[in-house]
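One structure is given below, encoded as structure tokens.
Read-outs throughout are calculated quantities, based only on the coordinates presented, and are distinct from any laboratory measurement. Small disclaimer: the values here were computed from a predicted structure and weren't measured. Note: ideal-geometry Cβ built from the backbone for every residue, glycine included; neighbour counts use all protein chains shown.
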Amino acid sequence: MQTGEDNVSLRGNVFNIQRFTLHDGPGLRTELFLKGCPLKCAWCSNPESLKPYSQPGVFKSKCISQKKCGLCEDACPHSGALNFTRGKLSVIDRDLCSNCLACADACPSEAIKPWGKSMTVEECMAVIRKDIGYYQRSGGGVTVSGGEPLLQSEFVAALFKACKDENIQTCCESSFCVNWKDIARVLPWTDIIISDIKHMDPLVHKKYTRVENGRILENLQRLTREHRELILRIPLIPGVNDDMDNISATADFILSELGGQVRTLQLLSFMRLGEEKYRSLDMPYEMQSLRVDRRSFQKRVNDIARYFNGRGIHCLVGTKEKQ
Ligand code: SF4
Ligand code: SF4
């Protein structure tokens, strides 16, 4: 009988595939970003990942003009869903839109981007295989990220199984805010695990991500008990999680609960990313008013790295992981 893991015709919803990435795991990698996320972090730089289904995104500056083109309107089954300002597509009425993506297919100028595409494991493997030589030379491989890739755990398990069949290294970047059964499904085919600790206080965690952190911390502890090595990250956001109370609580948790299984703790400095994508979806960017003095914040991040290293936790600034 064919199991889910063996099924190369299984489909997942993928919103981006990047080749030759360097950040999420060692070496040169192909990274697949999957739709759907149980969190909604205020600083998220991938707002197009949040919904589990495909959606159209609007890039007004690329619109030719309603008068000269108008192909999106002709294709749309819902009158009034597409709204134009000064002759250019400006916003999609999300209450009228059924996310059919007919407008994105019809648009000749990429003014409407399809955020999300249904792809089979085999279609993804056709992209992944192009760079096998680079993975071998650089110690790289494939990373799934998101969104939360483990919301599509059957697809990820089948994809990773197909990778392992071709001797390609696999890495899963997850919030681990998922059921253990979804983690267990993917683990047999996973070489490297990356996860975040965003805040140690459950209520502050909920304030900034919409969920408490209990399930995430429990899953990290369980992965540790199963002797799985972890690459952990803290996305450092000024005024949210960079205070010493939270930093020392994070160090205490790593040292007492993750039993030496943390290979590296990576500190990611807050960057204002993804604003154009928020606009494309007509979503507010919650970090709009946050102003950061880059030089003094970088010094703060370096001080925090020194603190973790001083407590015996291997910590670096940034995502460059040794093989
Ligand atoms: S996705 Fe479909 S329903 Fe939505 S605006 Fe485009 S064509 Fe209309
Ligand atoms: S199809 Fe594209 S270019 Fe043409 S009017 Fe619509 S958004 Fe503009």
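Quick notes on this structure:
- Looking across the stretch 157-171, just one residue is touching a Gly at 6+ places or on another chain (Cβ under 8 Å) and assigned to a loop (DSSP other than H, G, I, E, B), and that is I168.
- Cβ pairs under 8 Å, 6+ apart, first in the stretch 180-199 and under 14 Å from L220 (Cβ atoms), second of a type in the set (D, E, K, R) and in a loop (DSSP other than H, G, I, E, B): L187/E226; L187/R228; I193/R228; I193/E229; I194/D24
- Within the stretch 69-90, tally of residues that are of a type in the set (A, V, I, L, M) and within 7 Å of ligand 1 (Cβ to nearest atom): 3
- Selection status of R19, touching a residue at least 12 places away in the same chain (Cβ under 8 Å) and in contact with a helix residue (DSSP H, G or I) (Cβ under 9 Å, 6 or more places away or on another chain): yes
- Residue pairs whose Cβ atoms lie under 9 Å apart, separated by 6 or more positions or on different chains, with the first residue in the stretch 110-136 and within 14 Å of ligand 1 (Cβ to nearest atom) and the second part of a helix (DSSP H, G or I) and among the acidic types (D, E), are I112/D105; K113/E48; P114/D105; W115/E48; G116/E48.
- For the stretch 37-51, the count of residues that are of a type in the set (S, T, Y) and either within 12 Å of ligand 2 (Cβ to nearest atom) or buried (at least 16 other Cβ atoms within 10 Å of the Cβ) (or both) is nonzero.
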